Amino acid sequence: HSADWCYDHEECAPSHWYLHYPSCGLSSQSPINIITANTVADSSLGPIVVEGSDATSEGELTNNGHSVEVTLTSKYTLSGAGLTDAYTLAGFHIHFGNSNPTFGGSEHQINGNAFPLEVHFVFYNSIYIDLTEAKQQSDGLAVVGVLFQIGSFNSALDHFLGQLSQVAYSGQKTSVQANLRKFLPAKIGYYFKYNGSLTTPTCSENVTWLVAGNVQPISLSQYTQIISNLYFSLPGAANPVPMLDNFRPTQPLNGRTVSVYRK
Ligand code: SG4
Ligand code: ZN
């Protein structure tokens, strides 16, 4: 492992994160189990609005030792959803399970159900210079989470799934083409919203979470590509650790309100 935190059952596991990263032990953490019966409808929020090019964009695919992330050269902006400011897309990354997709892999759960894959589109408040500066601010981040279940082939994901073997090990990068529009539409009319944290250390509590209510499909062979090509380990590691189950367990709600918008 390349860092002092990890997902498996060692000293670096999620239950120990707070020892090195105190915010991970605070009371407004993410992810959460969204119990739909307890959500509060708020029609004043309006849909999530994502502005940007409909064209396929150049980007970069990186294995960061915890996930694979994609950054795009094309600019995308998040607004609506009751947000006071506009937010700029920094990139997206994935959390997933293992060879038994029924065991879950998503970070958020809905009514106690986990899903095999969750994509996080990380946006930073456009009033700040970049993600690094925004991460330090209380209104710095908004993340859109999209859940996936095993089903039909997903053309949006296929742009980069074929290149995962090129970023098998931590620190590896390759250029990709991706069409964000295929899985982040211009408007999302059904979502949950709550105040939470980054789901990895530092676990800073400055994230407005927007979790899409509609679950998207991914084929079993596409899911298998994700779980069979990636390692947490650096290149050349003697016993590379497969990148599996890179999700944090759900955290207590502690009285927070989860709003729901459904047009
Ligand atoms: C993953 O490790 C991403 O690759 C990180 O992205 C991300 O950090 C981190 O998860 C936490 O994000 O949406 N799961 S999360 O709460 O986006 C940030 C990068 O390191 C700040 C760029
Ligand atoms: Zn994430």
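The values are calculated or read from the model by the stated rules, or taken from the named source; none is laboratory data. Bear in mind the structure is a predicted one, so any value in this text is a computation, not a measurement. Neighbour counts are summed over all protein chains in view; Cβ atoms, including those assigned to glycine, are modelled from backbone coordinates with ideal geometry. Side chains are part of the model used for accessible areas, which takes the heavy atoms of the whole protein and leaves out ligands, DNA and RNA. Shrake-Rupley method; radii C 1.70, N 1.55, O 1.52, S 1.80 Å.
Numbers for the structure displayed
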item: Single residue of 230, 180, 157, 253 found to be open to solvent by less than 50 Å² (accessible area, probe 1.4 Å) and either over 19 Å from residue 50 (Cα atoms) or at pLDDT 95 or above (or both); result: 230
item: Close pairs from region 108-134: first within 17 Å of residue 223 (Cβ to Cβ), partner open to solvent by 40 Å² or more (accessible area, probe 1.4 Å) and hydrophobic (A, V, I, L, M, F, W, C), Cβ under 7 Å, at least 6 apart; result: 115/215; 116/150
item: Residue check for residue 99: in contact (Cβ under 8 Å) with a residue 60 or more places away in the chain, surrounded by fewer than 18 Cβ atoms within 10 Å (Cβ to Cβ) and more than 25 Å from residue 248 (Cβ to Cβ); result: no
item: Residue satisfying all of: in region 96-116; outside any loop (DSSP other than H, G, I, E, B) and in contact with an Asp or Glu (Cβ under 9 Å, 6 or more places away or on another chain); nearest to ligand 2 (Cβ to nearest atom) among these; result: 96
item: From 83, 89, residue being within 16 Å of ligand 2 (Cβ to nearest atom) and either of a type outside the set (Asp, Glu) or in a loop (DSSP other than H, G, I, E, B) (or both); result: 89
item: Residues within region 117-151 that are away from ligand 2 (no atom under 14 Å from the Cβ) and open to solvent by less than 10 Å² (accessible area, probe 1.4 Å), tallied; result: 3
item: Yes/no for residue 198 being hydrophobic (A, V, I, L, M, F, W, C), over 25 Å from residue 102 (Cβ atoms), open to solvent by 30 Å² or more (accessible area, probe 1.4 Å) and assigned to a loop (DSSP other than H, G, I, E, B); result: yes
item: Selection count where residues are outside any loop (DSSP other than H, G, I, E, B), closer than 30 Å to residue 258 by Cα and touching a Leu at 6+ places or on another chain (Cβ under 9 Å), scope region 158-191; result: 4
item: Within region 55-71, considering residues that are of a type in the set (Ser, Thr, Tyr) and touching a residue at least 40 places away in the same chain (Cβ under 8 Å), the one farthest from residue 5 (Cα to Cα); result: 56
item: Complete set of residues in region 201-227 that are in contact with a helix residue (DSSP H, G or I) (Cβ under 7 Å, 6 or more places away or on another chain), open to solvent by 30 Å² or more (accessible area, probe 1.4 Å) and away from ligand 2 (no atom under 16 Å from the Cβ); result: 225
item: Check on residue 138, modelled with pLDDT of 95 or more, away from ligand 1 (no atom under 13 Å from the Cβ) and part of a loop (DSSP other than H, G, I, E, B); result: yes
item: Residue match in region 89-101 (condition: modelled with pLDDT of 95 or more and in contact with a Pro (Cβ under 8 Å, 6 or more places away or on another chain)); result: yes
item: Every residue from region 116-129 that is over 13 Å from the mean Cα position of the chain (by Cα) and more than 11 Å from ligand 1 (Cβ to nearest atom); result: 125, 126, 127, 128, 129
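For every residue, the table says whether it meets (1) within 16 Å of ligand 1 (Cβ to nearest atom); (2) touching a residue at least 60 places away in the same chain (Cβ under 8 Å); (3) under 20 Å from the mean Cα position of the chain (by Cα).
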position: 9; (1), (2), (3): no, no, no
position: 31; (1), (2), (3): yes, yes, yes
position: 34; (1), (2), (3): yes, yes, yes
position: 38; (1), (2), (3): no, yes, no
position: 53; (1), (2), (3): no, yes, no
position: 73; (1), (2), (3): yes, no, yes
position: 76; (1), (2), (3): yes, yes, yes
position: 87; (1), (2), (3): yes, no, yes
